[in-house]
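J.: Below: one structure in structure tokens.
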Amino acid sequence: MHGGNYRVPNGMPLSKKYAPGTPDIRIARFQTGASNSDYEVNIRLISKEKCQIRDNALEAARVSANKKMNKFVPETSYKLSVKLYPHTVISENRMLATAGADRLQEGMRRAYGKPMGLAARVNIGTVMYEISTYERFTADAKRALKTASSKLPQPTSISIVPIQAKNPSEKLA
């Protein structure tokens with residue numbers, strides 16, 4: 001199977017609900033780190049292109065970002081969130097490529113294929129990953145998301161969004 005065949009989303013997506021034998025999702029955790037309420041900034045990894053991302057690529061990007069953050073930042077000082085969920089089922093119609101295979105194959109007849117993976121469909125401007133942290137760790141979070149973007153099949157951008165205080169008395173303290 002070649003990953004480039006499944007990068008561009010064509011046709012209507014098939015959701016997990018209707019496909020028998022769909023493999024399990026490969027993302028181990030959708031949130032890592034500590035959930036503190038006093039974080040100052042959100043650093044977001046945003047898609048610049050419409051595409052389809054496989055669940056193993058999402059997991060690889062999450063693992064690489066988490067490793068990079070653990071290297072420079074204490075684990076109690078950030079929260080990494082995966083904002084995508086792979087719903088789309090990818091199926092593959094395997095063809096035999098051995099001598100005498102012409103008598104065993106059906107060609108394009110009944111070419112649905114077997115479910116072999118899951119993917120998330122992403123539009124332009126979709127937030128894929130988000131790191132909530134303190135302002136002093138912004139450069140480290142940007143570096144971690146840059147590393148994660150190298151594992152993904154489309155161009156991305158990083159944006160920094162300040163978190164507003166929930167009530168006016170928090171700002172003064």
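The values are calculated or read from the model by the stated rules, or taken from the named source; none is laboratory data. Here the structure is a predicted model, which means the values were calculated and not measured. Positions of Cβ are backbone-derived with ideal geometry, glycine not excepted, and every protein chain shown enters the neighbour counts. Calculation scope for accessible area: heavy atoms of the full protein, side chains included, ligands and nucleic acids excluded. Shrake-Rupley method; radii C 1.70, N 1.55, O 1.52, S 1.80 Å.
J.: Of everything in the range 17-54 that's farther than 18 Å from Leu118 by Cβ and among the acidic types (Asp, Glu), which residue is surrounded by the fewest Cβ atoms within 10 Å (Cβ to Cβ)?
T.: So the residue we want is Asp38.
J.: Moving on to the next point. For the range 120-149, what are the residues that are in contact with a helix residue (DSSP H, G or I) (Cβ under 8 Å, 6 or more places away or on another chain) and either over 21 Å from Phe30 (Cα atoms) or not in a strand (DSSP E or B) (or both)?
T.: Those that are in contact with a helix residue (DSSP H, G or I) (Cβ under 8 Å, 6 or more places away or on another chain) and either over 21 Å from Phe30 (Cα atoms) or not in a strand (DSSP E or B) (or both): Tyr134, Phe137, Asp140, Ala141, Arg143, Ala144, Leu145, Thr147, Ala148, Ser149.
J.: Taking the range 55-86, which residues are in a loop (DSSP other than H, G, I, E, B), open to solvent by 40 Å² or more (accessible area, probe 1.4 Å) and under 19 Å from Val122 (Cα atoms)?
T.: Lys83, Tyr85
J.: Which residues, counting only those in the range 78-122, are at pLDDT below 80 and among the hydroxyl-bearing types (Ser, Thr, Tyr)?
T.: Residues satisfying the conditions are Thr98, Tyr112.
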